[in-house]
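Have a look at the structure below, then the notes.
The values are calculated or read from the model by the stated rules, or taken from the named source; none is laboratory data. What you see is a predicted model; the values in this text were computed from it and never measured. So basically every Cβ, Gly included, is an ideal-geometry build from the backbone, and we count neighbours across all protein chains shown. All accessible areas refer to the heavy atoms of the entire protein, side chains included, with ligands and DNA or RNA removed. Shrake-Rupley method; radii C 1.70, N 1.55, O 1.52, S 1.80 Å.
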Amino acid sequence: MPLLSLHRVFSGYHADTPVIRGVDLALESGAFVALIGPNGCGKSTLIRTITGVVPVMAGQVKLEERPSRTMSRRTLARIMAVVPQESTCPFAFSVHETVMMGRYPYLSRFRQPQPADHEAVHEALRLTHTWDLARRSVSELSGGERQRVIIARALAQQPRLLLLDEPTNHLDINHQVEVFDLLYELNRSRDLAILCVTHDLNFASEYCDQLVLMHHGRVVATGTPDEVITAEQISTVYGIPVRIQPGDGGAGPRITPVTRKARDPLMAR
């Protein structure tokens, strides 16, 4: 059975203006899926709909075959964890304290962390290679280090599904590779299902098993990178000519935008 399923889902921020329009989606345990599409197509809104931040107007979101609307926030947080697009830490919490926040689904107001909670935090720090940062303040970290800590906080929830909204936004290329390498490792070694919003089509093609291409709030293509990354589909959705090259060593196809400079000999002079 699918770990996550959406059936004819409509959602949005205003009751009379849906952003998500009739989306069907199924995510199996252990899948690594990228949500791709141009700005404003509804990718982030879809993530927020799955987590319950944006209300469902019609249709149904299910986790483990149960309607998510019938579940408590604690129950949802034990199944799925979220790495948001923007994550700020207004206080000078240490990395260890920040990752411990991921244990909130298991802690009551007056219950102190137990050995199992500390073990989960230590495992999350180990998996994200942030153990050596544990005593440092989050405010002192680089962008790449901070993003690994936020992922560690999500892993401390011990979820079966990880949702990420543009996890490499504002990161330079070495940290982008670092984050996607980490996600790939977690997906393969921990059988963690991942649904990731990304604008980098080449990273999505290289790392992900399945791609979901969105346009104007709808899913217009779903499949393997070879099935979704075609010149016709990408050019139509993004409104720019592209060249598609086969990937090397089993990687997915590579995309190169065809710029106006490349198309216009007069601009090339």
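Let's see how each residue does on (1) among the hydrophobic types (A, V, I, L, M, F, W, C); (2) in contact (Cβ under 8 Å) with a residue 24 or more places away in the chain; (3) open to solvent by less than 40 Å² (accessible area, probe 1.4 Å); (4) outside any loop (DSSP other than H, G, I, E, B):
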| site | (1), (2), (3), (4) |
| --- | --- |
| 147 | no, yes, yes, yes |
| 151 | yes, yes, yes, yes |
| 154 | yes, yes, yes, yes |
| 159 | no, yes, yes, no |
| 162 | yes, yes, yes, yes |
| 167 | no, yes, yes, no |
| 174 | no, yes, no, yes |
| 179 | yes, yes, yes, yes |
| 184 | no, yes, no, yes |
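If you go through the stretch 84-100 one residue at a time, do you hit one that is under 17 Å from the mean Cα position of the chain (by Cα) and open to solvent by less than 20 Å² (accessible area, probe 1.4 Å)? Checking the stretch 84-100: not a single residue is under 17 Å from the mean Cα position of the chain (by Cα) and open to solvent by less than 20 Å² (accessible area, probe 1.4 Å). Say whether the condition of being touching a Lys or Arg at 6+ places or on another chain (Cβ under 9 Å) and either at pLDDT 95 or above or not basic (Lys, Arg) (or both) is met by at least one residue in the stretch 182-190. Checking the stretch 182-190: at least one residue is touching a Lys or Arg at 6+ places or on another chain (Cβ under 9 Å) and either at pLDDT 95 or above or not basic (Lys, Arg) (or both). Looking across the stretch 230-241, the residues that are β-branched (Val, Ile, Thr) and either under 14 Å from residue 36 (Cα atoms) or at pLDDT 95 or above (or both) come down to 230, 234, 236, 237. Among the residues that make up the stretch 252-260, is at least one of them open to solvent by 80 Å² or more (accessible area, probe 1.4 Å), in contact (Cβ under 8 Å) with a residue 40 or more places away in the chain and not in a helix (DSSP H, G or I)? Among the residues of the stretch 252-260, at least one is open to solvent by 80 Å² or more (accessible area, probe 1.4 Å), in contact (Cβ under 8 Å) with a residue 40 or more places away in the chain and not in a helix (DSSP H, G or I), which makes the answer yes. Of all residues in the stretch 49-60, those satisfying the criterion of being on the phi < 0 side of the Ramachandran plot, without any contact (Cβ under 8 Å) to a residue 60 or more places away in the chain and open to solvent by 10 Å² or more (accessible area, probe 1.4 Å) are 53, 55, 56, 57, 58, 60.
Can you find a residue that is loosely packed, with under 14 Cβ neighbours inside 10 Å, farther than 29 Å from residue 127 by Cα and at pLDDT 95 or above anywhere in the stretch 214-221? Yes. Total residues in the stretch 1-43 satisfying the condition of being assigned to a helix (DSSP H, G or I) and loosely packed, with under 15 Cβ neighbours inside 10 Å: the figure is 0. Can we say residue 200 is farther than 23 Å from residue 48 by Cα, out of contact with any strand residue (DSSP E or B) (no Cβ under 8 Å at 6 or more places or on another chain) and either open to solvent by 30 Å² or more (accessible area, probe 1.4 Å) or in contact (Cβ under 8 Å) with a residue 40 or more places away in the chain (or both)? Spelling it out, it is not the case that residue 200 is farther than 23 Å from residue 48 by Cα, out of contact with any strand residue (DSSP E or B) (no Cβ under 8 Å at 6 or more places or on another chain) and either open to solvent by 30 Å² or more (accessible area, probe 1.4 Å) or in contact (Cβ under 8 Å) with a residue 40 or more places away in the chain (or both).
Can you name every residue in the stretch 186-203 that is in a helix (DSSP H, G or I) and within 16 Å of residue 124 (Cα to Cα)? Across the stretch 186-203, the qualifying residues are 186, 187, 188, 189, 190.
Of all residues in the stretch 101-117, which are in contact with a strand residue (DSSP E or B) (Cβ under 8 Å, 6 or more places away or on another chain) and open to solvent by 50 Å² or more (accessible area, probe 1.4 Å)? Of everything in the stretch 101-117, nothing turns out to be in contact with a strand residue (DSSP E or B) (Cβ under 8 Å, 6 or more places away or on another chain) and open to solvent by 50 Å² or more (accessible area, probe 1.4 Å).
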